């Protein structure tokens, strides 16, 4: 009981100190989610408004609510739901069949990892009664239900695929009978990103994963398919798989099962912020790379029709491989990925940016193009200066103003001397979310030599002065922050006269 009281007190104190300065609904997006343990819930709520998070996923063990047969303790779950409702945030309970009295397994633990495995209930009717009472209590309160976690992994599920299918079907029927509007998700598969599979092992792993996934999809006892996808959207191909190919495989299985009309929720994803070893493989990363991967993966997910995506953790924690996936470090210092997530909530995950197919670009005939919607004039040539560090980018544009003849932008005959590096809002305003390749769209719209790559902005990253914002033009990703010493493409802009 003390742990539950302290959790409630922590939540209350955090909101009192904040004084409700933040309006959680200002930018909250129902498409953006965050994972949280019960202990981390106050932190998730404290930062939900700033990040624009619209839904929080929390694991809920059976024994935490039904402590013994027909004895229920609703204190903690009521706290979760009431707090979330107050803040305009939904709850996704990840229901775990973990019970010291309701299953044949007493400990449900793997002490070396800290993970806990669910198990088939001794009496399915006991489980059905639990989920039925849960759904009845929180009907109409913005609560969704995901039935179990990574059931193809022994660390999380000790039963067979048939055992899980029975659990899912029972859960779906019990929840829907009392709350037909409640969303029910089937369990996600463990994607295996921490494994270092040799080529000969990859097909065997995929076949086994597909066997579990297909059996689950065949039940049609769910409203959305949960997916855990930690594979990389660029740079690294692990186990022969990328973020897109892993997700596309599940989409193909859904089509084969006749459930392509169901939603897809990526209920876990995240990327390391530092170079990390796993199973003999070394994945190279940095805080700027993490932000880039966040942006790229979310864009790829929504382009493939994903309805909601959940990041793994707000702050770093002590956990092998996954521990550095926080949007902030253990001290709460924000990383570039923090602001990248904010960008999604502010602009929306599937909404066009300021650019659109109706944007009015005027070719001035002197190597410049004016955007008549914004009044900005751009160099027509998107690659007049090559790749530079951030400081070199500012210097080269200044030098172009002073010595234009030393540079040869295609078709340039103008004589302006007030060119500058664009700020992040100006650069982002040219991203067209309706196209997978913004650089190709810009080239089709009159520009030349636009590169499918990253372009520097002049805007510093406020949490770390050694970083600055940039935009990737290849896939229209939202801005990310990167180390100023890295080389990126340079473009020039000015205000039209």
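The values are calculated or read from the model by the stated rules, or taken from the named source; none is laboratory data. The model shown is predicted, which means the values in this text are computed figures rather than measured ones. Please note: Cβ atoms are built from the backbone with ideal geometry, for glycine as well, and neighbour counts cover all protein chains shown.
Computed quantities for the displayed model
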| item | result |
| --- | --- |
| Selection count where residues are modelled with pLDDT of 90 or more and exposed (fewer than 15 other Cβ atoms within 10 Å of the Cβ), scope region 1-53 | 2 |
| Residue 106 modelled with pLDDT under 95 and either part of a strand (DSSP E or B) or assigned by TED's automatic domain parsing to the domain that holds residue 212 (or both) | yes |
| Which numbered condition residue 452 misses (of (1) out of contact with any strand residue (DSSP E or B) (no Cβ under 9 Å at 6 or more places or on another chain); (2) surrounded by fewer than 16 Cβ atoms within 10 Å (Cβ to Cβ); (3) under 24 Å from residue 486 (Cβ atoms)) | (1) |
| Residue check, residue 225 assigned to a loop (DSSP other than H, G, I, E, B), touching a residue at least 12 places away in the same chain (Cβ under 8 Å) and either under 22 Å from residue 31 (Cβ atoms) or in contact with a strand residue (DSSP E or B) (Cβ under 8 Å, 6 or more places away or on another chain) (or both) | no |
| Residue 121 vs. criteria over 30 Å from residue 88 (Cα atoms), in contact with a strand residue (DSSP E or B) (Cβ under 7 Å, 6 or more places away or on another chain) and either in the same structural domain as residue 222 (by TED's automatic domain parsing) or at pLDDT 95 or above (or both) | yes |
| Residue list for region 378-398, filter: more than 34 Å from the chain's Cα centre (by Cα) and over 16 Å from residue 473 (Cβ atoms) | 395, 396, 397, 398 |
| Filter result for the condition that a residue is in contact with a helix residue (DSSP H, G or I) (Cβ under 9 Å, 6 or more places away or on another chain), modelled with pLDDT of 95 or more and at negative phi, over 304, 312 | 312 |
| Verdict on residue 210 being modelled with pLDDT of 95 or more, surrounded by 15 or more Cβ atoms within 10 Å (Cβ to Cβ) and under 23 Å from residue 276 (Cα atoms) | no |
| Hits in region 315-328 (condition: under 16 Å from residue 46 (Cβ atoms) and out of contact with any helix residue (DSSP H, G or I) (no Cβ under 7 Å at 6 or more places or on another chain)) | 326 |
| Checklist (1) crowded, with 20+ Cβ neighbours inside 10 Å; (2) closer than 30 Å to residue 46 by Cβ applied to residue 142, failing item | (1) |
| Filter pass, residue 171 being in the same structural domain as residue 272 (by TED's automatic domain parsing) and free of Cβ contacts under 8 Å to residues at least 60 places away in the same chain | no |
| Selection status of residue 182, in the same structural domain as residue 92 (by TED's automatic domain parsing), part of a loop (DSSP other than H, G, I, E, B), modelled with pLDDT of 95 or more and farther than 22 Å from residue 156 by Cα | yes |
| Qualifying positions in region 82-101 - under 30 Å from residue 123 (Cα atoms) and buried (at least 19 other Cβ atoms within 10 Å of the Cβ) | 91, 92, 93, 94, 95, 96, 97, 98, 99 |
| Yes/no for residue 267 being in the same structural domain as residue 90 (by TED's automatic domain parsing), within 20 Å of residue 92 (Cβ to Cβ) and touching a strand residue (DSSP E or B) at 6+ places or on another chain (Cβ under 6 Å) | yes |
| Count - residues of region 231-249 that are within 19 Å of residue 152 (Cβ to Cβ) and either surrounded by fewer than 19 Cβ atoms within 10 Å (Cβ to Cβ) or touching a residue at least 60 places away in the same chain (Cβ under 8 Å) (or both) | 4 |
| Given (1) modelled with pLDDT under 95; (2) crowded, with 22+ Cβ neighbours inside 10 Å, number of the condition residue 56 does not satisfy | (1) |
| Enumeration of residues in region 250-269 that are assigned to a helix (DSSP H, G or I), touching a residue at least 40 places away in the same chain (Cβ under 8 Å) and over 20 Å from the mean Cα position of the chain (by Cα) | 253, 256, 257 |
| Residue within region 186-203 that is part of a helix (DSSP H, G or I) and touching a helix residue (DSSP H, G or I) at 6+ places or on another chain (Cβ under 7 Å) present | no |
| Residue within region 427-447 that is within 13 Å of residue 491 (Cα to Cα), surrounded by fewer than 17 Cβ atoms within 10 Å (Cβ to Cβ) and in the same structural domain as residue 480 (by TED's automatic domain parsing) present | no |
